[in-house]
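The values are calculated or read from the model by the stated rules, or taken from the named source; none is laboratory data. Nothing here was measured: the structure is a model prediction, and the numbers come from that model. All Cβ positions, even for glycine, are placed from backbone atoms using ideal geometry, and neighbour counts span all protein chains on display. These area figures cover heavy atoms from the full protein model, side chains too; ligands, DNA and RNA do not enter into them. Shrake-Rupley method; radii C 1.70, N 1.55, O 1.52, S 1.80 Å.
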Amino acid sequence: MLEIRNLHAQVDGKEILKGIHLKMNAGEVHAIMGPNASGKSTLANVLAGRATYAVTQGEILFNGKNLLEMSPEQRAREGIFLAFQYPVDIPGITNSYFLKAALNAVRKYRGLEELDAIDFLSCVREKLKLLKIEESLLNRPVNVGFSGGEKKKNEIVQMAVLDPKLAVLDETDSGLDIDALKVVAEGVNSLRKKENAILLITHYQRLLNYIVPDYVHVLSDGKIVTSGGKDLATQLEEKGYTWVREWNH
Amino acid sequence: MEPLTQQLERDFKVTGNSWIDRIRKEAFQSLAQLPYPTSEQEEWKYTDVEPIVGAPFRLAERKELLVPFEKRKHLTFSGIHAIRRVFVNGYHCPKLSSTEPLPQGVIVDNLATILQNNPKRVEPYLSRYAKDQNNPFIAINTAFFQEGAFLYLPKGITLEHPIHLVYFSQSNGAAAVSHPRTLVIAEEGSEARIVETYIGDGSYWTNAVTEIVLGENARIHSCKIQEESAEAFHLSTLFIHQNRDSRASSHVISLGGKITRNDVRALLDAEGSEVTLNGLTMASDNQHVDNQTLIDHAKPHSTSDELYKGILDGKSNGVFNGRIVVRPNAQKIRAQQTNKNLLLSDDAKMNTKPLLEIHADDVRCNHGATIGRLDENQLFYLRSRGMGEAEARTLLTYAFASDMIQRLAYGPLETYLEILLLQRLGHAEEELR
């Protein structure tokens, strides 16, 4: 589903990613762990197509298509979803309007009929019920006045509604209390199907107690320095990231 | 002599000796001492009136409406019931106006009719408030207005339905001007909502003056929706005079016109009076929109809240000059003024200037002005969810304006404005809900 080959990327002229290789198949959950400033968020943003991140070398194939040639909206319509580390406030637009506009943009692209207000509402209600999130969320302006946990839960609601093929979660677990963490885990696990893939980017092992990954990769100084099964995360938690840093040299 | 002045001298015909004739003559004579504004005057620094004063604008003629009113569906407020009075080229058009029983004592009539049949009703008010040393266009309106609207709300009356005044202009190619005049008198404890729509076809000049006088504890919610044609000039002044404990609000929505100039002047002339001034400008192409507001806190314990927003695209120009005056001994004043602007193109321009003149010491005044662009993070967020760039821009632009819609605080009007804005932003009506 996703193939990253020798990816190099810069932010403000500074090289952050220094040759990433990663291959993900449908049905798999991968976790990328790494210390601060290792390039985790850069990788997430490059996948979503943020313009301030410049790819200088390498390629990314998504279901055989060249991802780097696509606009952010095309990527979303093709089925990539990024749960933001810092979700953005949008005063003046309700969550419900936002979700409907997003869902219909994606549906239109996929040749599906756009949903009217009634069908949309029943679709969203079902997802909210599943995630045990209150419906009042729909009438609030997007992320305005939301607590950190509410913002992250809102990302998961969007993910559940848009039903992506590849979900990338950029430190969605950071700073969450245990209840919010469970909501996030529930949302991700409900997306875990044989036709989907999930990329968890995280600093902490805790999330992986609730979403058990098939593969764990360790990112350090812009490169994947080691990969393994779920046990690698446990080892990391015990030994700390200083253990990893030694491998860069 | 300016072509406009020459034409005005040819057109001025008042010969009688009644009270209103004297008022008109005085206004006309005052023009000799009121030069047309130039960019050297602070209040006119950015608005060039040469296209107006340089043309021999004749009084627009009384006409039938060429385009059937029903075809202009949005003028019927998407079917909201309103007490509607329609004017074409400044003349009342009874055929297009609504007829309904009004509560005892309420008058909603053609100003010209009242001036003829019952001038005593109008004499204490008309032209008492509409005066300005720096603005000859107000005097021109007084000297030349033909017809207009007169609203009288007796003590304690609340009107259930809004009053909708539609000033329609229709040009025949020659430079023509109408001078719509509106006078609103709200007696003690009365309340009403008034919407003025300015709209038209072709090239013309609208020179409007509205006076609103609020008695003790009266409430008037006024909204002006300017949808003039792309070639039109629109100059207007709204005077609000407030007595004790009265509440006034004004919304100035500017969407159309080539050159638009809105003056709003609120005089808080008694304790406990409160005024809210809201403004929303949406301009593109070569449109020019100049908003000038003056809030005069003449008495203690008066409150004002002002929010003006501008959305400027293309090569459009926006101006905001917001003056707040707190007179000596007008203590315990609260005044809040905000001007926020969104530039959607590199060629759009905005000039904003708040001006506080505070001559009392126990006051709480805040003001702020911003000029910005669409937020790149918000754009990326929307696009990352599948929305196209154009759609994301439209949505964020709409979001910027959305609190101005809410500030109308009247559901049917909010819906109406929402439709207008989304149409303006290129959304088809069926996409709205």
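On the basis of the beta-carbon distance and an R0 of 30 Å, B:E100 and B:L66 show a calculated FRET efficiency of 0.65. Normalise the Debye intensity by I(0) for region B:337-433, one equal point scatterer per Cα, no solvent, then take log10 at q = 0.15, 0.16, 0.25 Å⁻¹ and round to two decimals. For region B:337-433, the Cα-only Debye profile gives -0.79, -0.86, -1.33. With Cα atoms defining each centre, region B:290-324 and region A:164-208 are spaced 48 Å apart in the structure. Toward the positive end of the charge dipole of the protein assembly as shown, with +1 on the Cβ of Lys and Arg and -1 on the Cβ of Asp and Glu, the farthest Cα among B:F145, B:Y129, A:T242 is that of A:T242. Expressed as a whole percent, the accessible area of region B:375-433 that falls on carbon and sulfur atoms is 46 (1.4 Å probe). Other residues within the sphere of radius under 14 Å centred on the Cβ of A:K132, judged by their own Cβ, net out at -1 (K and R +1, D and E -1). Of the residues B:I157, B:I138, ranked by 1.4 Å probe accessible area with the largest first, the sequence reads B:I157, B:I138. DSSP finds beta bridges in the protein assembly as shown, and of those with both partners inside it, around 15 percent are antiparallel. Axis of helix A:178-190 versus longest Cα principal axis of chain A: the two differ by about 90°, to the nearest ten degrees. Quick query: amide H of B:F320 versus all other amide H atoms, modeled in the peptide plane; which residues come in under 5 Å with a sequence gap of 5 or more or a different chain? Result for B:F320 returns B:N291, B:N351, B:T352, B:K353. In region A:106-148 the Cα-Cα distances spread across 10 Å bins starting at 0 as 23, 42, 31, 4 percent of all pairs. Chain B contacts chain A over a buried accessible area of about 2100 Å², both sides summed; the probe is 1.4 Å and only protein chains count. Computed on chain B, with alpha-carbon pairs under 8 angstrom and 6+ residues apart, the relative contact order is 9 percent.
In region B:385-405, comparing the full protein assembly with the chain on its own, the residues that lose 30 Å² or more of accessible surface at a 1.4 Å probe are B:R385, B:G386, B:M387, B:L395, B:A399.
Within the accessible surface of region B:57-374, defined with a 1.4 Å probe on protein heavy atoms only, the carbon and sulfur portion equals 45 percent.
Please give, to one decimal in nm, the separation of the simple spin-label points placed at B:K332 and A:R206, each 7 Å out from Cα toward the Cβ. Output for this residue pair reads 5.3 nm. Placing unit charges on the Cβ atoms of the charged side chains and taking the dipole of chain A about its Cα centre, the candidate lying farthest along the positive direction among A:F146, A:T94, A:V29 is A:V29.
Here chain A carries DSSP beta bridges of which approximately 60% are antiparallel, counting only pairs with both residues inside. To the nearest 10, the accessible area of B:R323 is 90 Å² with a 1.4 Å probe.
Accessible-area rank, largest first, for A:M70, B:M1, A:M159: B:M1, A:M70, A:M159, with all protein chains present and a 1.4 angstrom probe. The dipole here belongs to region B:375-433: it is taken about the Cα centre, uses +1 on the Cβ of Lys and Arg and -1 on the Cβ of Asp and Glu, and is about 60 debye. Shown are B:E196, B:E40, whose ranking by accessible area with a 1.4 Å probe and every protein chain present, most to least, is B:E40, B:E196.
Applying both filters, DSSP loop and at most 11 other Cβ atoms within 10 Å, to the GluC sites (Glu not before Pro) of region B:59-123 gives B:E64. Remark: C-alpha extents of region A:182-249 on the principal axes read 40, 23, 17 Å, sorted largest to smallest. Rounded to two decimals, the Cα radius of gyration of chain B over 2.2 N^0.38 Å is 0.95. Using a cut-off of 15 Å between beta-carbons, work out the net charge of the residues near B:A112 (Lys and Arg +1, Asp and Glu -1, B:A112 not included). Overall, the nearby charge balance is +2.
This model, with +1 at the C-beta of Lys and Arg and -1 at the C-beta of Asp and Glu, gives region B:57-374 a dipole about its Cα centre of some 140 debye. Taking all protein chains as shown and a probe of 1.4 angstrom, A:E73 keeps an accessible surface of around 20 Å². Per residue, chain B exposes 40 Å² of solvent-accessible protein surface, assessed with a 1.4 angstrom probe and all protein chains in place. Summing charges over all other residues whose Cβ lies under 10 Å from the Cβ of B:N134, with Lys and Arg as +1 and Asp and Glu as -1, gives -4. Ligands, DNA and RNA excluded, the heavy atoms of B:S249 present near 20 Å² of accessible surface to a 1.4 Å solvent probe.
Couplings for region B:121-130, taken from phi via the Karplus curve 6.51 cos²θ - 1.76 cosθ + 1.60 with θ = phi - 60°, read 4, 9, 3, x, 10, 4, 6, 6, 9, 7 Hz in order; Gly and Pro are left as x. When the P(r) is computed for the protein assembly as shown, the part past 33 Å accounts for 56% of the Cα-Cα pairs. Rg over Rh for region B:242-363 works out to 1.05, using Cα positions for both radii and the Kirkwood form for Rh.
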